[in-house]
């Protein structure tokens with residue numbers, strides 16, 4: 001029996017766990033594939049194109065590069081894990097308490113930035129900024145924004161808010177990967193909404 005050779009990130013990392021869930025949605029169990037550790041999306045693209053991996057999870061813009069080379073998109077991780085907290089801005093509680101006003105101004109500015117990014121009227125400016133700051137080709141920048149927002153896949157917050165369900169999913173996956181031992185902590189243990197609330201965001 002042939003087994004799919006899947007190039008993945010860390011064995012118990014969120015990318016690997018998400019991809020396993022995606023494969024399971026399509027009828028593939030752990031017995032149907034072998035995993036190979038390949039660190040970084042660029043290295044995984046190389047593994048795919050060299051024929052050393054049958055399938056790999058890719059971020060942007062490597063996924064677009066692969067599709068232009070004739071590789072097929074098999075699915076989105078958000079199909080399997082629709083609510084997930086991808087990035088956060090964290091601060092020490094002591095520092096946050098001592099710098100309350102500055103932190104409220106910061107999250108207010110962050111909120112404005114997310115609103116700007118999401119406004120279709122600003123698409124050209126956002127594309128230009130992505131190109132200037134990341135070196136993406138303009139076409140890849142446009143495709144990335146379309147991937148995130150057409151339809152909206154919840155990758156970026158609307159106004160800097162924290163998705164507690166997404167945080168719960170992070171904790172659940174850390175438990176699944178053996179990084180956290182049960183009983184798993186509540187998301188509220190790690191989230192302090194007072195600064196977002198003071199800024200009128202959440």
Would you check if there is a residue in the stretch 22-39 being within 16 Å of the chain's Cα centre (by Cα), without any contact (Cβ under 8 Å) to a residue 24 or more places away in the chain and closer than 25 Å to residue 166 by Cβ?
no
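Listed here are the residues, each with its yes/no results for (1) touching a helix residue (DSSP H, G or I) at 6+ places or on another chain (Cβ under 8 Å); (2) part of a loop (DSSP other than H, G, I, E, B); (3) closer than 26 Å to residue 157 by Cα.
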site	(1), (2), (3)
36	yes, no, no
53	yes, yes, no
70	no, yes, no
73	yes, yes, yes
90	no, yes, yes
94	no, no, yes
109	no, no, yes
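Yes or no: residue 172 within 27 Å of residue 109 (Cβ to Cβ) and either at pLDDT 95 or above or within 13 Å of the chain's Cα centre (by Cα) (or both)?
no
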Selected residue (criterion: surrounded by the most Cβ atoms within 10 Å (Cβ to Cβ)) from residues of the stretch 175-187 that are at pLDDT 95 or above and outside any loop (DSSP other than H, G, I, E, B):
187
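Out of the stretch 24-42, which residues are surrounded by 14 or more Cβ atoms within 10 Å (Cβ to Cβ) and within 19 Å of residue 67 (Cα to Cα)?
The answer is 41, and nothing else.
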Per the filter on the stretch 156-167, residues surrounded by fewer than 18 Cβ atoms within 10 Å (Cβ to Cβ), under 24 Å from residue 12 (Cβ atoms) and in contact with a helix residue (DSSP H, G or I) (Cβ under 7 Å, 6 or more places away or on another chain) are 164
Only residues that are surrounded by fewer than 18 Cβ atoms within 10 Å (Cβ to Cβ) and out of contact with any strand residue (DSSP E or B) (no Cβ under 6 Å at 6 or more places or on another chain): list them for the stretch 54-77, please.
59, 65, 67, 68, 69, 70, 71, 72, 73, 74, 75, 76
Selected residue (criterion: surrounded by the fewest Cβ atoms within 10 Å (Cβ to Cβ)) from residues of the stretch 2-16 that are out of contact with any strand residue (DSSP E or B) (no Cβ under 8 Å at 6 or more places or on another chain) and closer than 23 Å to residue 167 by Cα:
12
Considering the stretch 81-104, residues that are touching a residue at least 12 places away in the same chain (Cβ under 8 Å) and more than 30 Å from residue 24 (Cα to Cα), and then whichever is surrounded by the fewest Cβ atoms within 10 Å (Cβ to Cβ), we arrive at 93
Looking for something assigned to a helix (DSSP H, G or I), touching a residue at least 40 places away in the same chain (Cβ under 8 Å) and outside the structural domain of residue 170 (by TED's automatic domain parsing) - is there at least one such residue anywhere in the stretch 112-134?
no
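The values are calculated or read from the model by the stated rules, or taken from the named source; none is laboratory data. These numbers come from a predicted model, not from an experiment. Glycine gets a Cβ as well: all are built from the backbone with ideal geometry, and neighbour counts include every protein chain shown.
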